[in-house]
Amino acid sequence: MNDQQLLRYSRHILLPQLGVEGQEKILAARALVVGVGGLGSPAALYLASAGIGTIALADGDTVDLTNLQRQILHTTETIGRAKVDSGREALARINPETKVVAIAARLSGESLDAEVARADIVLDCSDNFATRHAVNRACVKHAKPLVSGAGVRFDGQISVFDLRDAESPCYNCLFPEDTDTEEFRCAVMGVFAPLVGIIGATQAAEALKLVAGVGESLAGRLLILDALAMQWRSVKLTRDSTCSVCCGRDQPAAIQRT
Ligand SMILES: [Zn+2]
């Protein structure tokens with residue numbers, strides 16, 4: 001690190017758990033942020049301000065007036081532009097050292113596979129189950145840690161699926177793709193603006209911890225936030241041995257409240 005970097009990241013370096021070594025791991029890391037909306041905005045802002053080396057931003061949408069109430073990466077001036085371009089400019093203003101790769105598409109198939117393979121950490125900030133399951137499958141395939149967040153109305157959820165660990169549950173263990181899960185998309189539902197800020201910032205916190213190798217991640221736990229009561233619940237997760245995505249391993253399915 002040069003003198004400017006030592007200053008810019010000094011409040012991280014002062015943390016004994018991080019120090020120069022942890023910050024250097026952050027500087028060397030590549031994060032894939034899938035979805036540059038309510039969750040992806042705060043997540044990417046904190047990843048960039050914290051100095052993560054490269055952020056791949058993936059989103060096929062353009063900025064709409066209705067996004068601005070919660071998608072804090074975008075501004076009135078960027079309405080109508082690709083979210084990834086709006087996001088790249090906002091991140092460059094905070095930290096020009098972070099390289100931002102803008103992917104103006106909904107990642108799927110081979111492009112998703114390639115981006116997950118390249119990433120050190122994957123943040124699922126998307127708003128639909130098809131993308132969530134596709135991202136999960138790619139993370140299982142490439143054994144990448146996945147930080148998964150969701151939020152609608154006043155209800156948020158976050159967990160880590162650390163798929164570097166062969167015993168880890170995956171997203172599909174928790175929400176099997178073949179079951180009828182009701183889809184609550186922010187595009188058509190109400191969402192309390194700071195709810196996605198809280199969840200997205202928590203995703204950034206988990207991603208930075210995983211990249212730096214510090215603390216204890218949310219792996220094996222699902223946090224559920226009721227922002228109306230401002231209460232968090234923690235639900236213990238274990239792998240579903242019948243999971244169609246990560247099966248072939250022999251752990252019983254169980255979800256217990258802690
Ligand atoms: Zn699974």
Inset, instruction - Taking 7 Å along the Cα-to-C-beta vector as the label spot, tell me the Leu15-Leu65 distance in nanometres, rounded to one decimal. - result: 4.0
Inset, instruction - Between Val235 and Gln5, with labels modelled 7 Å along Cα→Cβ, what's the label distance in nm to one decimal, could you check? - result: 4.1
Inset, instruction - Would you mind working out the accessible area per residue for the chain, using a 1.4 Å probe, and quoting it in Å²? - result: 46
Legend entry - Ellipticity estimate at 222 nm from DSSP helix runs (n ≥ 4, -39,500 (n - 2.57)) divided over the chain, nearest 500: -10000 deg cm²/dmol
Legend entry - Relative contact order of the range 1-123, pairs being alpha-carbon contacts under 8 Å that are 6 or more residues apart, as %: 28
Inset, instruction - With viscosity set to 1.306 mPa s and temperature to 10 °C, compute the Stokes-Einstein D of the range 94-210, Rh being the Kirkwood radius across alpha carbon pairs; µm²/s, no decimals. - result: 105
Inset, instruction - Return the subset of Lys144/Lys209; Lys83/Lys141; Lys25/Lys236; Lys25/Lys83 for which the Cα-Cα distance in this structure is over 22 Å, preserving the input order. - result: Lys83/Lys141; Lys25/Lys236; Lys25/Lys83
Inset, instruction - Give me the Debye-computed log₁₀ of I(q)/I(0) at q = 0.12 Å⁻¹ for the range 147-232, equal point scatterers on Cα only, no solvent, two decimals. - result: -0.40
Inset, instruction - Give the longest segment of the chain that steers clear of GluC sites (Glu not before Pro) in DSSP loops with at most 10 neighbouring Cβ atoms within 10 Å, not counting the sites themselves. - result: 1-181
Inset, instruction - Calculate how large, on average over all directions, the projected area of the Cα convex hull of the range 1-153 is; give the answer in nm² to one decimal. - result: 9.4
Legend entry - Unit charges at the beta carbon, dipole of the chain: most positive-side option, Gln4, Leu163, Thr54: Gln4
Inset, instruction - Compute the distance in nm between two label points, each set 7 Å from the Cα along the Cα-to-Cβ direction, one at Ala104 and one at Cys247. - result: 4.2
Inset, instruction - Just need log10 I(q)/I(0) for the chain at q = 0.10, 0.12 Å⁻¹, Debye formula, equal scatterers on the alpha-carbon atoms, no solvent, rounded to two decimals. - result: -0.46, -0.68
Inset, instruction - Please find, in a Gaussian network model of the chain (springs between Cα atoms separated by less than 10 Å), the residue of Ser86, Ser111, Ser159 whose mean-square fluctuation is greatest. - result: Ser111
Inset, instruction - Would you mind getting the Kirkwood hydrodynamic radius of the range 89-136 from its Cα pairs, rounded to one decimal in Å? - result: 12.3
Inset, instruction - Quote the charge dipole size of the range 99-171 about the Cα centre in Debye, to the nearest 20; the model charges only the Cβ of Lys and Arg (+1) and of Asp and Glu (-1). - result: 160
Inset, instruction - Of all alpha-carbon pairs in the range 27-100, indicate the percentage at a distance above 14 angstrom. - result: 51
Legend entry - Sequence-separation-based contact order of the chain, relative, with Cα cut under 8 Å and 6+ spacing, percent: 19
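The values are calculated or read from the model by the stated rules, or taken from the named source; none is laboratory data. Nothing here was measured: the structure is a model prediction, and the numbers come from that model. Note that we place each Cβ from the backbone using ideal geometry, even for glycine, and neighbour counts take in every protein chain shown. The area values use the complete protein model at the heavy-atom level, side chains included, leaving out ligands, DNA and RNA. Shrake-Rupley method; radii C 1.70, N 1.55, O 1.52, S 1.80 Å.
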